[in-house]
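Remarks on the structure that follows.
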């Protein structure tokens, strides 16, 4: 299991939600409450490289945040 934190002041909540939808077919993704960050616990499906999947999920969140903010 890998835990990812996306600070609320840097990342868009909509981007985090979109990434969860896209990657949930490849992993169990649990959202954990935090006051200042979106926290995801990622457990890859059997046969899936968990570190690679977590890295790709993080990249997706970053790209989607940029798109949502029009930067």
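Annotations for the structure displayed:
- When residue 64 is tested against (1) over 19 Å from residue 8 (Cβ atoms); (2) out of contact with any strand residue (DSSP E or B) (no Cβ under 8 Å at 6 or more places or on another chain), exactly one condition is not met: (1).
- Only listed residue being in contact (Cβ under 8 Å) with a residue 24 or more places away in the chain and under 8 Å from the mean Cα position of the chain (by Cα), chosen from 12, 27, 19, 37: 19
- Count - residues of the stretch 24-40 that are surrounded by 15 or more Cβ atoms within 10 Å (Cβ to Cβ) and in a loop (DSSP other than H, G, I, E, B): 1
Conditions (1) buried (at least 19 other Cβ atoms within 10 Å of the Cβ); (2) assigned to a helix (DSSP H, G or I); (3) modelled with pLDDT of 95 or more; (4) touching a strand residue (DSSP E or B) at 6+ places or on another chain (Cβ under 6 Å), marked per residue:
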{"position": "5", "(1), (2), (3), (4)": "no, no, yes, yes"}
{"position": "16", "(1), (2), (3), (4)": "yes, yes, yes, yes"}
{"position": "22", "(1), (2), (3), (4)": "no, yes, yes, no"}
{"position": "42", "(1), (2), (3), (4)": "yes, no, yes, yes"}
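- The stretch 44-60 residues that are on the phi > 0 side of the Ramachandran plot and assigned to a helix (DSSP H, G or I), paired with ones that are loosely packed, with under 11 Cβ neighbours inside 10 Å and at pLDDT 95 or above (beta carbon under 7 Å, 6 or more apart): none
- The set of residues from the stretch 44-61 being touching a strand residue (DSSP E or B) at 6+ places or on another chain (Cβ under 8 Å) and under 21 Å from residue 8 (Cβ atoms) comprises 54, 57, 58, 61.
The values are calculated or read from the model by the stated rules, or taken from the named source; none is laboratory data. Predicted model, so just to flag it, every value in this text is computed and none were measured. Neighbour counts are summed over all protein chains in view; Cβ atoms, including those assigned to glycine, are modelled from backbone coordinates with ideal geometry.
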